[in-house]
Amino acid sequence: MKNALLLVSILFTATLTAQISKLTNPKLSPFQKTEIKIGIVDVSLEYSRPSMRGRKIFGALEPYDKVWRTGANKNTKIVFSDYVIIGDVEVAPGTYTIFTKPSVDTWDVYFHAEIDEYGVPDTFNPKNSIVQLNVPVIKLDKEIETLGITFDNLTANAAILNISWEKIKIAVPIKIPTDKILKNYLSKKNTSLSREYSLAAYIYFDKEKDSKKALATIKKSIEIEEKGMSFELWLKNANLEDQRLAYNYYLKSQILYDLDEKEEAIKSARQSLIIAEKIKSEYYINTNTENIKAWGKQ
């Protein structure tokens with residue numbers, strides 16, 4: 001009995017010790033991963049977040065005019081799924097290390113293609129960076145205890161990468177070359193798929209606000225879909241289980257209306273309505289009916 005109690009006591013003590021060890025061993029610079037979408041580009045950021053803990057940071061812990069890993073532990077990495085523009089430089093999709101060189105009034109920011117795990121490499125050469133830009137220091141009224149690298153001012157084709165710590169912040173502009181991405185996308189697909197052009201048309205129209213490009217692209221989508229047939233003949237042979245059929249003409253009507261081509265917009269809305277009634281799409285039936293009525297009064 002005593003042996004059994006002793007065994008239980010040993011096991012309980014070992015379990016408790018392990019639990020306490022986990023609770024009392026927090027990381028001083030916790031890992032942070034951020035995943036966002038800027039327009040049509042996926043962006044992933046990984047870094048560790050050191051805190052001030054009563055220390056003077058810039059000009060002391062991190063000396064001025066010395067290249068810094070921009071974080072702690074493993075180097076800060078950023079991944080772009082497609083082309084972006086940083087400053088004035090076009091950056092190809094891939095993984096990059098972010099290094100910085102703090103100074104009193106400005107910082108140099110480097111996006112480096114050589115991926116090292118820990119610290120600034122001894123062979124670091126700014127000329128080997130894909131991007132090197134100089135940005136002004138923004139003074140803050142409130143002290144920031146823990147390093148933060150965040151994305152702000154997100155739009156359909158741009159964002160700001162902010163690096164903030166102590167009482168300063170720097171802002172790095174990132175833009176999305178949507179037109180190039182879409183052209184590459186369609187070219188790489190080497191596709192005759194209507195839906196690829198339909199997606200591109202939507203992005204041009206809704207995200208880029210370029211209705212002329214959107215119209216040309218949606219016309220290409222419809223042309224591929226109809227295979228040179230008249231609307232009536234194509235509809236007679238179309239797969240009526242495809243809910244997307246009404247969408248192309250609906251989108252075309254929206255684009256035409258935005259271009260102030262109301263008669264053509266109404267024509268496309270009527271074609272979308274005809275399709276919608278055949279595929280029994282309540283949404284497109286109601287939306288097209290409302291649009292035809294509203295546009296006809298103008």
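With all protein chains in place and a 1.4 Å probe, the accessible surface of region 138-189 carries 52 percent carbon and sulfur.
If only the Cβ of Lys and Arg carry +1 and only the Cβ of Asp and Glu carry -1, the dipole of region 39-132 around its Cα centre is close to 580 debye. Gain on full extension, evaluated as 0.36 nm per residue between Arg53 and Lys297 minus their Cα-Cα distance, stands at 81.2 nm. The alpha carbon centroids of region 236-298 and region 145-165 are separated by 40 Å. Apolar share of the accessible surface for region 204-247: 50 percent from carbon plus sulfur atoms, 1.4 Å probe. Hydrodynamic analysis of region 219-298 uses the Kirkwood radius over alpha carbon pairs. Inserted into Stokes-Einstein at 25 °C and 0.890 mPa s, it gives a translational diffusion coefficient of 195 µm²/s. In the chain, which helices (entire DSSP H runs) extend 18 Å or more along their own long axis, judged by Cα positions, while averaging at least -0.5 on the Kyte-Doolittle scale? Membrane-span-like by this criterion, though nothing is claimed about a membrane: 2-23, 211-226, 245-258, 262-279.
Taking a ≥ b ≥ c as the square roots of the eigenvalues of the alpha carbon gyration tensor, region 91-165 is oblate, as a/c is not under 1.5 and a/b does not beat b/c.
Heavy atoms of the protein chains alone define the surface here; on that basis region 178-283 has 58 Å² accessible area per residue at 1.4 Å probe size.
For region 116-167, GluC sites (Glu not before Pro) are listed when DSSP marks them as loop and at most 16 other Cβ atoms sit within 10 Å of their Cβ; the list is Glu117. Listed values for region 159-172 are Karplus-derived 3J(HN,Hα) couplings in whole Hz (6.51 cos²θ - 1.76 cosθ + 1.60, θ = phi - 60°), namely 6, 10, 8, 9, 10, 10, 6, 6, 10, 9, 8, 10, 10, 10, and x replaces Gly and Pro.
The residues of region 83-124 expose, per residue, 44 Å² of accessible area to a 1.4 Å probe. Positive contributions from Lys and Arg (+1) and negative ones from Asp and Glu (-1), summed over other residues with Cβ under 13 Å from the Cβ of Gln132, come out at 0. Taking the helices alone, the chain has a mean residue ellipticity at 222 nm of -12500 deg cm²/dmol, built from -39,500 (n - 2.57) per DSSP H run of at least 4 residues and averaged over all its residues. In this rough spin-label picture, where each label sits 7 Å from Cα along the Cβ direction, the Leu28-Asp179 distance is 5.1 nm. The alpha carbon radius of gyration of the chain, expressed as a multiple of 2.2 N^0.38 Å, is 1.47. Round to a whole number: what % of the accessible area of region 251-293 belongs to carbon and sulfur, probe 1.4 Å? Carbon and sulfur together cover 43 percent of it.
When the GluC sites (Glu not before Pro) in region 174-282 are filtered for DSSP coil states and for at most 10 other beta-carbon atoms within 10 Å of their beta-carbon, the remaining sites are Glu241.
The values are calculated or read from the model by the stated rules, or taken from the named source; none is laboratory data. Quick caveat, the model's predicted, so the values are computed rather than measured. Glycine also receives a Cβ, built like all others from the backbone with ideal geometry; neighbour counts cover every protein chain displayed. We work out accessible area using only protein heavy atoms, side chains counted, and drop any ligands, DNA or RNA first. Shrake-Rupley method; radii C 1.70, N 1.55, O 1.52, S 1.80 Å.
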